[in-house]
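J.: Next up is a structure, given as structure tokens.
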Amino acid sequence: MQRPVRAAGWIIALCTTLLPGSAAAHTFGQSYVLPIPLALYGWSAAAALLISFIAASWFLRDRHLAVPPEISWPADHFASRTLLLVLQLAALGMLCLTIASGWFGPANRNHNLSMPLFWMVFVLAFAYLNAFVGGLYERVNPWRTLVLALGWLVRPLRRGLFAYPFRWLGYWPAVLLYLMFIWVELFGHTKPASLALWLLGYTGVNLFGSLLFGARAWFRYGEFFGVFLRVVSLIAPVALERSVNDRWQWRLRWQFAGLLGRTPDHGSLVFFIVCMLATTAYDGFHETVPWLRFFWSTFIPWWDPDIGLRALILYRPWMEYYMWLGLPLACLFYYALYVLAVWLGRTLARSDIELGTLLRSFGYTLVPIALVYHASHYYTLLQTDGIRVIALLSDPFGRGWDLFGTRETFRYTVIPQMDVTWHSQVALIILGHLIGVLLAHREALRIFGNRRQASLSQIPMLGLMVLYTVAGLWILALPIQTARFL
């Protein structure tokens with residue numbers, strides 16, 4: 001390739017991104033010099049995972065496979081029913097308020113209640129709440145409440161026109177809707193009015209899905225928020241769940257104990273869990289300098305050797321497609337790594353258990369990792385943007401009201417300290433992977449029946465955990481572009 005061509009490529013890269021000399025906690029886009037080199041963080045994390053693997057291999061025995069006891073009590077008494085009814089009405093009211101404020105409120109997204117109410121309170125805060133008090137969403141889901149209410153008039157909404165073909169369809173509708181949601185989050189350029197339209201459209205999807213397959217089947221397998229939050233709820237020490245006789249019960253158990261003794265009932269649920277992990281990683285990666293530099297200084301010059309500065313205009317739309325394509329590719333890549341690790345473990349253990357069975361058996365061990373990826377990337381947004389809900393609730397439609405006397409409370413963004421943020425993110429990622437290693441080793445001991453096979457099978461999984469950990473830390477430390485060129 002000619003030198004002028006290379007120079008043009010680098011000029012384009014520099015025009016679209018700025019590469020600072022120090023690492024940046026890219027949630028803020030500001031330079032932050034790490035107290036020690038990033039490589040030392042990676043080696044330390046890998047050492048911690050290795051030590052936990054050795055400890056699990058040495059100390060775990062068959063007697064540790066029993067699921068810890070839990071306390072349960074019925075949730076059909078008056079107090080629980082009253083509480084759940086109040087929460088159902090509140091959730092439905094919040095959905096209506098989000099749509100109404102998005103449609104009738106200020107056009108400025110920073111002054112409209114709908115944006116932080118949906119993205120911060122529901123998508124983030126409520127997801128983290130489910131890691132401590134789980135199972136609530138299945139009962140208070142506002143779309144389910146709406147469908148059941150309309151079901152008194154339109155009976156097929158409750159029962160459905162067809163039986164749900166779980167064997168071949170599984171959770172794939174939820175996977176598709178989840179990826180569409182992430183696309184909207186990353187590339188939809190959402191504004192208050194468009195958010196209201198998206199929520200109305202999603203309401204229509206849930207009505208149509210319930211009409212086809214019935215409310216119970218659709219909200220279990222197709223409504224992706226329900227699938228996402230039900231998976232997260234397995235981590236919770238307090239959870240509202242259905243018992244074997246289809247009665248609702250409150251359960252009190254050890255944190256993460258809900259993941260023990262359970263296996264995803266379909267391979268598509270495992271793929272959904274991997275997508276939870278991969279989409280968060282891609283969200284952190286897709287606006288970083290290396291990802292954009294690859295497009296402008298590597299891919300485009302290879303595609304068009306005669307590239308010049310005209311690429312700033314000519315190839316600008318292609319950059320959008322490049323960004324979009326990265327989302328499903330990230331999910332497929334992370335899933336391929338998971339399949340490879342499980343296959344290698346099966347080979348080392350010399351097991352004749354079907355690969356599909358093993359993929360499902362280790363699926364829930366990825367849940368803590370997916371959650372800490374999510375939390376480490378997004379929890380700061382609750383402090384920077386989420387607290388604005390307190391002020392905006394007093395004036396939901398931008399009419400100058402002060403309904404609750406909080407109009408000036410936390411009205412402006414609070415920027416957290418970057419050193420505290422970075423080290424909390426590191427701690428979350430390492431903790432999640434340590435738990436994942438222990439859960440995976442315990443599951444291997446249960447499946448293979450002896451310590452030697454279990455340990456051998458987990459060597460590739462240990463490598464996968466180390467890779468996920470180092471990749472997570474590397475993505476967090478990458479600088480982001482300062483000017484989005486889309």
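J.: Within the range 176-193, count every residue that is touching a residue at least 12 places away in the same chain (Cβ under 8 Å) and more than 15 Å from residue 280 (Cβ to Cβ).
T.: Count: 7.
J.: Here's a follow-up. Give the residues of the range 247-266 that are assigned to a loop (DSSP other than H, G, I, E, B) and either at pLDDT 85 or above or closer than 23 Å to residue 359 by Cβ (or both), sorted by residue number.
T.: 253, 254, 255, 256, 260, 261, 262, 263, 264, 265, 266
J.: Collect the residues in the range 113-124 that are closer than 18 Å to residue 92 by Cβ, part of a helix (DSSP H, G or I) and of a type in the set (A, V, I, L, M, F, W, C), keeping them in residue-number order.
T.: Hits for the range 113-124 are 117, 118, 121, 122, 123.
J.: Can you pull out every residue in the range 128-154 that is of a type in the set (Phe, Trp, Tyr) and over 26 Å from the mean Cα position of the chain (by Cα)?
T.: Of everything in the range 128-154, just one residue is of a type in the set (Phe, Trp, Tyr) and over 26 Å from the mean Cα position of the chain (by Cα), namely 152.
J.: What is the one condition in (1) open to solvent by less than 80 Å² (accessible area, probe 1.4 Å); (2) not in a helix (DSSP H, G or I) that residue 35 does not satisfy?
T.: It fails just one condition, (1).
J.: Okay, next question. Tell me, yes or no, whether the range 434-450 has at least one residue that is over 30 Å from residue 358 (Cβ atoms) and without any contact (Cβ under 8 Å) to a residue 40 or more places away in the chain.
T.: no
J.: Can you tell me which residue within the range 134-148, out of those that are among the hydrophobic types (A, V, I, L, M, F, W, C) and within 16 Å of residue 204 (Cβ to Cβ), is most open to solvent (accessible area, probe 1.4 Å)?
T.: The qualifying residue most open to solvent (accessible area, probe 1.4 Å) is 146.
J.: Residues to consider are 196, 127, 163; find the one that is under 30 Å from residue 258 (Cβ atoms) and buried (at least 18 other Cβ atoms within 10 Å of the Cβ).
T.: 127
J.: Of all the residues that make up the range 348-370, how many are part of a helix (DSSP H, G or I), open to solvent by 40 Å² or more (accessible area, probe 1.4 Å) and hydrophobic (A, V, I, L, M, F, W, C)?
T.: Residues flagged as part of a helix (DSSP H, G or I), open to solvent by 40 Å² or more (accessible area, probe 1.4 Å) and hydrophobic (A, V, I, L, M, F, W, C) within the range 348-370 amount to 2.
J.: Among what's in the range 193-246 and is assigned to a helix (DSSP H, G or I) and among the hydroxyl-bearing types (Ser, Thr, Tyr), pick the residue that is nearest to residue 93 (Cα to Cα).
T.: By that ranking, first place goes to 203.
J.: Any chance the range 430-448 includes a residue that's surrounded by fewer than 20 Cβ atoms within 10 Å (Cβ to Cβ), touching a helix residue (DSSP H, G or I) at 6+ places or on another chain (Cβ under 6 Å), more than 21 Å from residue 235 (Cβ to Cβ) and charged (D, E, K, R)?
T.: Among the residues of the range 430-448, not one is surrounded by fewer than 20 Cβ atoms within 10 Å (Cβ to Cβ), touching a helix residue (DSSP H, G or I) at 6+ places or on another chain (Cβ under 6 Å), more than 21 Å from residue 235 (Cβ to Cβ) and charged (D, E, K, R), which makes the answer no.
J.: Can you tell me which residues in the range 371-397 are more than 23 Å from residue 277 (Cβ to Cβ), open to solvent by 40 Å² or more (accessible area, probe 1.4 Å) and touching a residue at least 60 places away in the same chain (Cβ under 8 Å)?
T.: 385, 393, 397
J.: Give all pairs with beta carbons closer than 9 Å in which a residue from the range 332-346 that is without any contact (Cβ under 8 Å) to a residue 12 or more places away in the chain meets a residue that is assigned to a helix (DSSP H, G or I) and among the hydrophobic types (A, V, I, L, M, F, W, C); count only pairs at least 6 apart in sequence or on separate chains.
T.: 332/278
J.: If you don't mind, there's one more thing I want to ask. Just one of the numbered conditions (1) surrounded by 13 or more Cβ atoms within 10 Å (Cβ to Cβ); (2) at pLDDT below 85; (3) more than 21 Å from the chain's Cα centre (by Cα); (4) under 29 Å from residue 377 (Cα atoms) is not true of residue 287; which one?
T.: Of the numbered conditions (1) surrounded by 13 or more Cβ atoms within 10 Å (Cβ to Cβ); (2) at pLDDT below 85; (3) more than 21 Å from the chain's Cα centre (by Cα); (4) under 29 Å from residue 377 (Cα atoms), the odd one out for residue 287 is (3).
J.: Here are some conditions: (1) at pLDDT 75 or above; (2) touching a Ser or Thr at 6+ places or on another chain (Cβ under 8 Å); (3) open to solvent by 10 Å² or more (accessible area, probe 1.4 Å). Residue 345 meets all but one. Which one does it not meet?
T.: Every listed condition holds for residue 345 apart from (3).
J.: Restrict the check to the range 225-243 and report whether at least one residue is touching a Pro at 6+ places or on another chain (Cβ under 7 Å) and surrounded by 17 or more Cβ atoms within 10 Å (Cβ to Cβ).
T.: Among the residues of the range 225-243, at least one is touching a Pro at 6+ places or on another chain (Cβ under 7 Å) and surrounded by 17 or more Cβ atoms within 10 Å (Cβ to Cβ), which makes the answer yes.
J.: Are there any pairs with C-beta distances below 6 angstrom linking a residue in the range 460-481 that is within 11 Å of residue 429 (Cβ to Cβ) and modelled with pLDDT under 85 to a residue that is open to solvent by 30 Å² or more (accessible area, probe 1.4 Å) and in a helix (DSSP H, G or I), with the two at least 6 apart or on different chains, and if so which?
T.: Cβ pairs passing all conditions: 475/285.
J.: I would also like to ask the following. With the requirement that a residue be open to solvent by 60 Å² or more (accessible area, probe 1.4 Å) and either modelled with pLDDT under 90 or of a type outside the set (Asp, Glu) (or both), what does the range 166-187 give you?
T.: Those that are open to solvent by 60 Å² or more (accessible area, probe 1.4 Å) and either modelled with pLDDT under 90 or of a type outside the set (Asp, Glu) (or both): 167, 168, 172, 176, 180, 183.
The values are calculated or read from the model by the stated rules, or taken from the named source; none is laboratory data. All values reported here derive from a predicted model rather than from experimental measurement. With ideal geometry, Cβ positions are generated from the backbone for all residues, glycine too; neighbour counts draw on all protein chains shown. These accessible areas exclude ligands, DNA and RNA; they are computed on the full protein's heavy atoms, side chains included. Shrake-Rupley method; radii C 1.70, N 1.55, O 1.52, S 1.80 Å.
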